[in-house]
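Visitor: What follows is a single structure, and I will ask about it in a moment.
The values are calculated or read from the model by the stated rules, or taken from the named source; none is laboratory data. Keep in mind it's a predicted model, so treat the numbers as computed, not measured. As a convention, Cβ positions derive from the backbone with ideal geometry for all residues, glycine included, and neighbour counts pool all protein chains shown. Each accessible area value is taken on the protein alone, full model and side chains, heavy atoms only, with ligands, DNA and RNA left out. Shrake-Rupley method; radii C 1.70, N 1.55, O 1.52, S 1.80 Å.
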Protein chains: 2
Amino acid sequence: MFLKNREDTINNILDIDLKSNTENIKDFIRGYVAKLKKDGAVVGLSGGLDSAVVLKLCSEAIGNENVLAVILPERDSDSKNIKDAIRLARELKIKYMNKKITLILSLIGIYRMYPPSFLFKKSIVEKYITRKRKSISESLGKDLYISNLTGSSNKELCRGLAYCRIKNRVRSALLFYYAELNNYLLVGCANKSEWMIGYFIKYGDGIADIMPVISFYKTQIFAMADYLKLPDYIVNKAPSPDILPGIIDEDMIGISYRKLDIILYGLEKKYSVSKIARISGATYDEIKRVIEIIDKSGYLRKWPVMF
Amino acid sequence: MFLKNREDTINNILDIDLKSNTENIKDFIRGYVAKLKKDGAVVGLSGGLDSAVVLKLCSEAIGNENVLAVILPERDSDSKNIKDAIRLARELKIKYMNKKITLILSLIGIYRMYPPSFLFKKSIVEKYITRKRKSISESLGKDLYISNLTGSSNKELCRGLAYCRIKNRVRSALLFYYAELNNYLLVGCANKSEWMIGYFIKYGDGIADIMPVISFYKTQIFAMADYLKLPDYIVNKAPSPDILPGIIDEDMIGISYRKLDIILYGLEKKYSVSKIARISGATYDEIKRVIEIIDKSGYLRKWPVMF
């Protein structure tokens, strides 16, 4: 689904000049490393698209020898993603660390909440998670994604969110640690699509010293990945937070990236709803939902709310 | 030193209406809990002044039964602070958790860097740390506090910073975890003095859902503590990050809070340097140094720098 309509989007409204944009990003990374007197850059590598694009950009900006890729898998991580991450770091000749954080998360006590995927067939765990999500959604009687944006007294939902979010927060604490030990800059991988709809963990993957691709929609990150000649094993998989088995981005968000990005673009350009519907192929309800999501996720994009 | 001149400051230029200000803060906390549909508030309790003030304000705002105090000591924590934190939570009838994070930090591998204080007399460890700071400072040949604000190729300094910062980042990950498990709001304790000079850990104690006392200088937090009738064992100790034995705030920052706050106030009001010198008793060099610190710490107060 996420790939089907890529061609007409890329050759279309979300087209960007890939050469000049990637050069600008590289200048930005280089400039910031110099400004903060850092000796290199750390990128947290997940095996997914965004971190691969950022890793490649860092490597081209400041030299592969000054980049450290940090891979931080845990019990529920997809083993294919770990392998892909390691393979990419090796192919790009970038030094990497692969440190499991399962024990740390165990000490915090999170794994009591969900069955370990290594004890069961992947398909069984995925079914279990899907059923759980469905039952929470039904008991709430509303859009699960929107419910996730604010608090909820539903205990199951709270546990699920806490379970997922601590993983990325422990990761970012470790990424900063390795960055600081080496006097490196922590370079984050958030993109504009996920940023605008709050599809990131506040103070988890939503933090870093700099966020070099945050002005670009996911569709544009795909185009960058092609332009940067990232390998198929990175590009050709459904985007997923890899935080719970069986969860992929477009299922969670409830809309395809293609539609979402054009809606976000249209809203940014202040197009009329009918024009947005025409160019994105989205229904009025889908557009209304995105507007609600942007609104309700606003506090996630703000530095701690001040008094 | 931090207490000596309190009286003339409190009755002076930094005076605030304590009744209306604390009422406004409580309204703010209550409003945010409601807005984000939370069932209560979490406060990370250190045994120090700021978190005690915030805890008391939360308790008065939403009721002590809806507040959870989380105490997260580690190997190097001052045992007096832990005792004071527990005592305060008990006296205020606020439920609390006391979870040691030493094992988590051990797994990350940080403790190999410094000698454990429980094996030595406190005074010996403090001497060791002080000597280390002095030797780093001498080899850098410049102001250690200002050097801490950007990167440095000094390996000793990098290790020291990484060692301290990971502690607060693991703490904030855990605070969010307990907040989310309970559908509580994480309420942070940063104040204006430390915020303006970058005396906080970016994405460590510098993050939370809301920061209700961030518009107030440390001098004003002291006044609030008196007004809120916080006990002597909390108020009468030298402010310290309690992150390395022997480190107290005013030594680290290199200026007393009293002077600092009046300088910050004067700069905010755009007073002339000579006026600031007159009202604060600071030298021109001290004022120049604070201006440099504000400038160099600017990036710490920004949400991840965007492209």
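Visitor: Considering only residues that are open to solvent by less than 30 Å² (accessible area, probe 1.4 Å) and within 14 Å of chain B (Cβ to nearest Cβ), which ones fall in segment A:282-298?
Guide: Residues satisfying the conditions are A:Ser297, A:Gly298.
Visitor: Moving on to the next point. Of all residues in segment A:212-236, which are free of Cβ contacts under 8 Å to residues at least 24 places away in the same chain and closer than 20 Å to B:Trp303 by Cβ?
Guide: The one that is free of Cβ contacts under 8 Å to residues at least 24 places away in the same chain and closer than 20 Å to B:Trp303 by Cβ: A:Ser215.
Visitor: Only one of B:Phe216, B:Phe222, B:Phe200 is at pLDDT below 95, in the same structural domain as B:Asn66 (by TED's automatic domain parsing) and either out of contact with any Leu (no Cβ under 6 Å at 6 or more places or on another chain) or assigned to a helix (DSSP H, G or I) (or both). Can you tell me which?
Guide: Sole residue among the options that is at pLDDT below 95, in the same structural domain as B:Asn66 (by TED's automatic domain parsing) and either out of contact with any Leu (no Cβ under 6 Å at 6 or more places or on another chain) or assigned to a helix (DSSP H, G or I) (or both): B:Phe200.
Visitor: Scanning segment B:157-171 for residues that are within 7 Å of chain A (Cβ to nearest Cβ) and closer than 20 Å to B:Ile71 by Cβ, which turns out surrounded by the fewest Cβ atoms within 10 Å (Cβ to Cβ)?
Guide: Selected residue: B:Arg165.
Visitor: Scan A:Asp78, A:Asp84 and give me the residue that is at pLDDT 95 or above and assigned by TED's automatic domain parsing to the domain that holds A:Arg165.
Guide: From the options A:Asp78, A:Asp84, the qualifying one is A:Asp84.
Visitor: Sort out which residues of segment B:180-212 are at the interface with another protein chain (Cβ under 8 Å from one of its Cβ atoms) and of a type in the set (A, V, I, L, M, F, W, C), and write them in order of number.
Guide: Correct list: B:Leu181, B:Leu185, B:Ala190, B:Ile207, B:Ala208, B:Ile210, B:Met211.
Visitor: Same structure, new question: Of all residues being buried (at least 22 other Cβ atoms within 10 Å of the Cβ) and hydrophobic (A, V, I, L, M, F, W, C) in segment A:30-48, which is farthest from the other protein chains (Cβ to nearest Cβ)? Just the residue, please.
Guide: Ranking the qualifying residues of segment A:30-48, first place goes to A:Leu45.
Visitor: Here is a further query. For segment B:76-113, name all the residues that are surrounded by fewer than 18 Cβ atoms within 10 Å (Cβ to Cβ) and more than 14 Å from every other protein chain (Cβ to nearest Cβ).
Guide: B:Ser79, B:Lys80, B:Lys83, B:Ile86, B:Arg87, B:Arg90, B:Glu91, B:Lys93, B:Lys95, B:Asn98
Visitor: Going by the conditions given, is B:Ser153 facing chain A (nearest Cβ under 10 Å), hydroxyl-bearing (Ser, Thr, Tyr), surrounded by 15 or more Cβ atoms within 10 Å (Cβ to Cβ) and touching an Asp or Glu at 6+ places or on another chain (Cβ under 9 Å)?
Guide: Criteria not met by B:Ser153.
Visitor: Which one of these does B:Tyr271 not meet: (1) in a helix (DSSP H, G or I); (2) outside the structural domain of B:Val170 (by TED's automatic domain parsing)?
Guide: Only one criterion in (1) in a helix (DSSP H, G or I); (2) outside the structural domain of B:Val170 (by TED's automatic domain parsing) is unmet by B:Tyr271, namely (1).
Visitor: Please name all residue pairs, on different chains or six or more residues apart, with Cβ atoms under 7 Å, provided the first residue is in segment A:182-196 and is open to solvent by 10 Å² or more (accessible area, probe 1.4 Å) and the second residue is part of a helix (DSSP H, G or I) and of a type in the set (S, T, N, Q).
Guide: What qualifies is A:Cys189/A:Ser51.
Per-residue answers, yes or no, for (1) of a type outside the set (Lys, Arg); (2) farther than 30 Å from B:Lys192 by Cβ:
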site	(1), (2)
A:Gly246	yes, yes
A:Leu260	yes, yes
A:Ile263	yes, yes
A:Arg278	no, yes
A:Tyr284	yes, yes
A:Arg289	no, yes
A:Leu300	yes, no
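Visitor: Only one of (1) in contact (Cβ under 8 Å) with a residue 40 or more places away in the chain; (2) in a strand (DSSP E or B) fails for A:Ala69. Which number is that?
Guide: In the conditions (1) in contact (Cβ under 8 Å) with a residue 40 or more places away in the chain; (2) in a strand (DSSP E or B), A:Ala69 misses (1) alone.
Visitor: Additional query: Consider A:Lys302 against the criteria (1) over 24 Å from A:Pro239 (Cβ atoms); (2) crowded, with 22+ Cβ neighbours inside 10 Å; (3) of a type in the set (Lys, Arg): it satisfies all of them except one. Which criterion is unmet?
Guide: (2)
Visitor: Continuing with this model, one more query. I'm checking my understanding of the structure. Among residues of segment B:114-148 that are at pLDDT below 80 and in a loop (DSSP other than H, G, I, E, B), which one is surrounded by the fewest Cβ atoms within 10 Å (Cβ to Cβ)?
Guide: Checking each candidate, the answer is B:Gly141.
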